[in-house]
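Undergrad: My questions all concern the structure below.
The values are calculated or read from the model by the stated rules, or taken from the named source; none is laboratory data. Everything numeric in this text was worked out from a predicted model, so none of it was measured. With ideal geometry, Cβ positions are generated from the backbone for all residues, glycine too; neighbour counts draw on all protein chains shown.
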């Protein structure tokens, strides 16, 4: 067993008596999750305890797997929407740079596209990667 199997925590052995078939199923699940059988049993006990507020481990939220999947899917869709918006920001940033005909700082570009500087930096990075803009270190500014 690896030295860090218990993450440096003090631990005590617990014995449970189950049939061989159940033990094999638990071992397969543990291996599929990349954890030891002991860690798997501990995780499952904590998951079961979380269903009952009075025995839930401290900090354990009362969520069911279906709700967690729905929340994860909603977050995934929100991320896709944000990524699409970032690409649109690159077009806006390029349009402002192209219209100026000169060099623009990140602050000026942020004002021009009404976005925060971090979004402008990300847009500029994608434009730099595509070779559509240039950065002048002496001016600390970008041009189309």
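Undergrad: Is it true that some residue in segment 129-137 is part of a helix (DSSP H, G or I) and either on the phi > 0 side of the Ramachandran plot or at pLDDT 85 or above (or both)?
TA: First, pick out the residues of segment 129-137 that are part of a helix (DSSP H, G or I): 129.
Adding the requirement that they be either on the phi > 0 side of the Ramachandran plot or at pLDDT 85 or above (or both) leaves 129.
Scanning segment 129-137 turns up at least one residue that is part of a helix (DSSP H, G or I) and either on the phi > 0 side of the Ramachandran plot or at pLDDT 85 or above (or both).
So that you can scan it fast, the table gives a plain yes or no per residue for (1) at pLDDT below 85; (2) loosely packed, with under 13 Cβ neighbours inside 10 Å; (3) not in a helix (DSSP H, G or I):
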| site | (1), (2), (3) |
| --- | --- |
| 74 | yes, yes, no |
| 92 | no, no, no |
| 96 | no, no, no |
| 107 | no, yes, no |
| 124 | no, no, no |
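Undergrad: List the number of the failed condition for residue 66; all other conditions in (1) surrounded by 10 or more Cβ atoms within 10 Å (Cβ to Cβ); (2) assigned to a helix (DSSP H, G or I); (3) modelled with pLDDT under 80 hold.
TA: (1)
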